[in-house]
Each structure stands twice: as structure tokens, then as C-alpha cells.
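*Asks:* This structure is in C-alpha cells; I'll ask about it shortly.
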Amino acid sequence: MKKIFALIITLLLLMSVLALPVYAYTMDDGAGNLTENGTDPAEKIEAEGDYINLTGGAHNLRGNIGGDLLGFFTSLTVKDAVIGGSMRFFSFEAVLDDLSCRNLTFAGTDTTIGKNVKAGAVYAFTNGTFVFEGTCDTLVVYAQKVVIKGTVNDNAKINSDDVSFASDCTVNNVTVKSVAEPYLNDTDGYSSALNHFETINWEKVNVWLDTLEGLPSVIIYALAGALIIQLVFGKHTRRTAEVFKAHPVRFSFSGVLHLISVPGFAAFMFILSMEIAAALLFLYMALISVSQLFAGSVLGARLFPTMNRFLSAVIATTTLAIICSLPYVGGIATIASLVIAFGFFAVTVFSKRTDKQMPTPENPQ
């Protein structure tokens, strides 16, 4: 009962935090705001005010929106849409074919901005390939791979490992931060983009030097985070470490299962309650952001069971945070951290066993 009560209290607190912005969008204030969960491809949106859609599913957007758009999707396709305000959304995959808006801000993975997209400013944060064929005044991009084929009127800042330009694109005052030199990618092959566009300012990124420069902040974050996690969840990290030691395969499978299933469950909850679903998504993103801290604490208790729990957590969390920040191997370590963190979440919140009933190496059950 205590665990269920704690979960309910946590959700209520998160709902309270989210209630004001959600209420501001959904309240019937005469501005014509529209909130819905529909994903009908044939549906055409008509909203005088703001439009909010946090279904978490695949969505096809067409129509006219007088105010802002706020959305959370697994995939988003936009065709023939006019937005009077700004568009802000998260989507794992997005294709914007025909769109006009004031500002465009989004995060996700692979994204394509089509030729018929016009925006004052575009801010893109993607963990994949970003293709820009549209027109904007200001462009700010953080992505693994960037392909510029459109028009940037005023200025652009691009942070990526792989940046290419089409020979017929228009770029003005573009700053590129990348490991490799930006290049021209056309049918005739590859060549240096710096020889074709005088407005490109390339800043070469030294991956290892950047990593070393960022280590102090990583270490401080790990030290402070490990101590906080132990103060709040110290008992649970010890218990999770025992489960991890007794059943490593089951524990890892549980972590993977919860990592991929929580967004789908939150999307289903939108049918019943938008506030609870939004709280779950917020909790999900929060756990992802601090996954290294929980994983480090669990690993510390697992690897150093007889050591002081604060010291073991600090050692393991700091080591894990440094490994996650390293090039090449950091991605694998980050995925492992996510699996352990969500395994911790599964054991702490969803387990119905008491402390005495939990499996241990001496009593594996």
C-alpha cells in the first residue's frame, strides 16, 4: 500500500505541475482552442486559437490553426497546413511537406522539412538525419547528420558530425561545428562546400578535447546526483541490486520492457485522462534524463555490497557518467544505463513483493 500511495502522490504532484500549461491550452476561453486525440488522416483541423494533441501516436495534420500548436507524436506528417503562431512538438519521425508557421521548434529523430515549408525560425534537435529543403530566416540544428537543400536568409548554426549542402541551396552566415569538413553532395560526387559558399564558417570539433573539457561538469553532476539518489532512494537501490544479482536476465528484460512500453501505455491513457497521460510522459522523460544516476547507484550496490552505500554510489555513478560521455562507447553505456534505470523503476514501483520476499543470492526463489 505504501508503494501505491507513493506512486499516486507522485502522479498527483506531476499532474499539478502540468495542470496550468495544459489548462491554459484546453480551457474554453472563447479563443477557439482545440484539444483532441484523433489521428484520422482524412480529418482537416480548423482551430481559431491554439491546437494541442498529445496522443503519442501517428498523426497526419492538415488545416488552419490560428494560434500555436503543441504536440507529442510517434510520427507526424504535415500537408497543407497554415499555423498563425508557433509550432512546437516532439516526434520520433516527422515529414513536413507543406507548412507555413511563425516559428518551428521540435525534437525527435529523422526529420524532413520539405520545399513548401516556410517559417521565420526553425530550431531542430534530432538524434538522426535532418533534411532541410524549405525556407526560413534563422536555422538552428543539432543532429547526427544534416543535409541542407533549401534557403536560409539570415543566419544558421549547425552542430553535427556530418553536414552536406546542395549546390543550388542558398545559405547566408552559416556556422558549422562538426568533426569533418562540410561538403557539397550532388550527383557529380563529393567536394568541399567551403569552396562553393563564402558564407560558411566551419569550426572543427575535436571530439576527445571536447570530452575532456566537459568532464568537470560531468563529474560534479554525477557526485551530486549520486548523493541525492542515495538520500531519497538508498534503500530501494540496495534491494534492486539484490534482484539484479539474483536474476540478471529477468531484470534486464524487465528494464527493456518498461523502457519501450511506458510511452504506449501513456498514449492509451490519453483516452481516459490527458492529465495522467501527460504526467506519465513527464515521469518517463525525467527518468531517462537521470538514468545514469539510478544505474550508477544500482551498480555501486551490486559491485560493492559491503562498502558504504554513499561511497559505492559515488564511485560507480562517476565512472558510469564518464564512460557515457566518451565518444563511440558512450552510446552503448547510455543504453545500458536506461535498461538498469527502468529495471529499478520496475522493481521499486511495480513489484508486489515485500522486502523479505524479494529474491536474494542466498534465497533466489
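The values are calculated or read from the model by the stated rules, or taken from the named source; none is laboratory data. Keep in mind that what you see is a predicted model, and the values were worked out from it rather than measured. Note: ideal-geometry Cβ built from the backbone for every residue, glycine included; neighbour counts use all protein chains shown.
*Asks:* Look at Ala143 and say whether it is crowded, with 20+ Cβ neighbours inside 10 Å, touching a strand residue (DSSP E or B) at 6+ places or on another chain (Cβ under 7 Å) and under 30 Å from Gly57 (Cα atoms).
*Replies:* yes
*Asks:* For region 204-218, check the following and say yes or no: at least one residue is modelled with pLDDT of 85 or more and aromatic (Phe, Trp, Tyr). If you could, list the steps in order and put the result at the bottom.
*Replies:* So in region 204-218, the residues modelled with pLDDT of 85 or more come out as 215-218.
Subsequent filtering for residues that are aromatic (Phe, Trp, Tyr) retains none.
No, region 204-218 contains no residue that is modelled with pLDDT of 85 or more and aromatic (Phe, Trp, Tyr).
*Asks:* Considering only region 84-108, how many residues are basic (Lys, Arg) and within 17 Å of the chain's Cα centre (by Cα)? Talk me through it step by step, then tell me what you get.
*Replies:* Step one: of region 84-108, the residues basic (Lys, Arg) are 88, 102.
Narrowing the set further to residues that are within 17 Å of the chain's Cα centre (by Cα) leaves 88.
Going through region 84-108 one residue at a time, the tally reaches 1.
*Asks:* Moving on to the next point. Mind telling me which of the residues Ala222, Ala180 ends up being surrounded by 12 or more Cβ atoms within 10 Å (Cβ to Cβ) and assigned to a helix (DSSP H, G or I)?
*Replies:* Values: Ala180 fails: assigned to a helix (DSSP H, G or I).
The unique qualifying residue is Ala222.
*Asks:* Something else about it: Does region 123-134 include one or more residues that are surrounded by fewer than 18 Cβ atoms within 10 Å (Cβ to Cβ) and over 15 Å from Ala94 (Cβ atoms)?
*Replies:* No - not one qualifying residue is present in region 123-134.
*Asks:* Go through region 278-332 and give me each residue that's outside any helix (DSSP H, G or I), under 21 Å from the mean Cα position of the chain (by Cα) and touching a residue at least 12 places away in the same chain (Cβ under 8 Å).
*Replies:* Going through region 278-332, the residues outside any helix (DSSP H, G or I) turn out to be 290, 304-308, 326-329.
Pick out the ones that are also under 21 Å from the mean Cα position of the chain (by Cα) and you get 290, 326-329.
Once the filter is applied, which keeps residues that are outside any helix (DSSP H, G or I), under 21 Å from the mean Cα position of the chain (by Cα) and touching a residue at least 12 places away in the same chain (Cβ under 8 Å), region 278-332 yields Val290, Leu326, Pro327.
*Asks:* Among the residues of region 228-256, write down those that are touching a residue at least 40 places away in the same chain (Cβ under 8 Å) and surrounded by fewer than 17 Cβ atoms within 10 Å (Cβ to Cβ).
*Replies:* Going through region 228-256, the residues touching a residue at least 40 places away in the same chain (Cβ under 8 Å) turn out to be 228-230, 233-234, 236-247, 251-252, 254-256.
Ile228, Gly234, His247, Ser252, Val256, listed by residue number.
*Asks:* Scan region 51-96 residue by residue and report those that are outside any strand (DSSP E or B) and at pLDDT 85 or above.
*Replies:* The initial filter retains those residues of region 51-96 that are outside any strand (DSSP E or B), namely 54-57, 66-68, 84-86.
Of everything in region 51-96, those that are outside any strand (DSSP E or B) and at pLDDT 85 or above turn out to be Gly66, Gly67, Asp68, Gly84, Gly85, Ser86.
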